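The values are calculated or read from the model by the stated rules, or taken from the named source; none is laboratory data. The structure displayed is predicted, hence computed values, not measured ones. Note that each Cβ is placed from the backbone with ideal geometry, even for glycine, and that neighbours are counted across all protein chains shown. Please note that ligands, DNA and RNA were not included when accessible areas were found on the heavy atoms of the full protein model with its side chains. Shrake-Rupley method; radii C 1.70, N 1.55, O 1.52, S 1.80 Å.
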Amino acid sequence: MPRTEANGNDGFALVAVLAFLMMFALFLTPFVTASKVRTLTVSNRFESIRLDLAAQAINDTLSSKMSRDPSFKSKLLDASRQAPQSCKIRDITLTTEVLDQSSLIDLNRATPELIALGLESLGLESLQAAETAQAMVSFRSFARDAHAGFRQTATSENMKHGPFESVVELHEFASLQPIPLDRLVRLFTLSNPTENLTNHSLFPDLQRRLNTVRASEPNDQAAAQDVVSLATTLQTGGGIGSDYQVVVIDNVNKTFSTQITMRLRQRHEGDASGPCATLLGNEISAYAEQGLNP
């Protein structure tokens, strides 16, 4: 009889220990999950920083080669007119785009009519495009009362009044918030070296309607230098890195200087089956591969 009681006590103790372990496991599960999520987040963040720095180095190298080799610059500009160009470096997808800023609308100097035409090419209705264009002119003006009615319909009363400092500020306008930043920088700039548009736009619908607004021819300063933007994105399964630069290329001294840098976290889907040597040349492709796959 005493032996039976001992067995019963042992069984109860075992059940109690198992119950305690289960409760302890349930208690630890959220912390383990949070720890795994944090580890993955830190890993992805580190990967993105690594890719950001690599994209910046690639853009710097491209700028240097474009300043020394006009034919290489023309090749990248012509290729990018259709769409961003993608290629493969092992398991990394590299997407790059080089745009002539003289083919883009300058946010701080363009007329409201030209801005409105550009907004319509992005899909805005005529009335909404006109109102947003007037609000943008009000935004860049120090006169707070200019176009007050338009400002109320398209922007916040607390917005600044002064020149645009970044294309990112276009997302301050409600009608432009749904449009991805990478589409906006294909239409608008702060660095057009001419007054309006020199030759053609990247948007076919806008190009067809440019005869309704005044466009200027390149001046001597524009001939002596080119202003281009470079947007390079690197994508892997674990992260995305990017670098966007606006660069002034001195065609006389064969040098370049960077005006603007920022990040464009935009994934690109498309054919990236070709090697990067075809797009960037053997020298830059080898440099990028060595830096990305040490």
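Only residues that are at pLDDT below 85 and among the acidic types (Asp, Glu) were counted across the range 225-265, and they come to 0. Do we have any residue at all in the range 203-224 that's at pLDDT below 75, under 19 Å from the mean Cα position of the chain (by Cα) and not in a helix (DSSP H, G or I)? Yes, the range 203-224 contains at least one residue that is at pLDDT below 75, under 19 Å from the mean Cα position of the chain (by Cα) and not in a helix (DSSP H, G or I). Checking every residue in the range 111-126 against the condition of being farther than 26 Å from PRO193 by Cβ and among the polar types (S, T, N, Q) gives at least one match. For the range 163-186, check the following and say yes or no: at least one residue is farther than 30 Å from THR95 by Cα, open to solvent by less than 70 Å² (accessible area, probe 1.4 Å) and modelled with pLDDT under 95. So far as the range 163-186 goes, yes, one or more of its residues are farther than 30 Å from THR95 by Cα, open to solvent by less than 70 Å² (accessible area, probe 1.4 Å) and modelled with pLDDT under 95. Of the listed requirements (1) modelled with pLDDT of 65 or more; (2) of a type in the set (D, E, K, R); (3) open to solvent by 70 Å² or more (accessible area, probe 1.4 Å); (4) assigned to a helix (DSSP H, G or I), ASP10 misses just one: (1). Just for the range 98-135: of the residues that are hydroxyl-bearing (Ser, Thr, Tyr) and out of contact with any Pro (no Cβ under 7 Å at 6 or more places or on another chain), which one is modelled with the highest pLDDT? Going through the qualifying residues, I end up with THR132. In the range 100-108 there is at least one residue matching the filter, namely being under 30 Å from THR236 (Cα atoms) and open to solvent by less than 20 Å² (accessible area, probe 1.4 Å). Being open to solvent by 10 Å² or more (accessible area, probe 1.4 Å) and touching a Leu at 6+ places or on another chain (Cβ under 7 Å) is the filter here, so list the residues in the range 109-139 that pass it. Hits for the range 109-139 are LEU117, SER121, LEU122.
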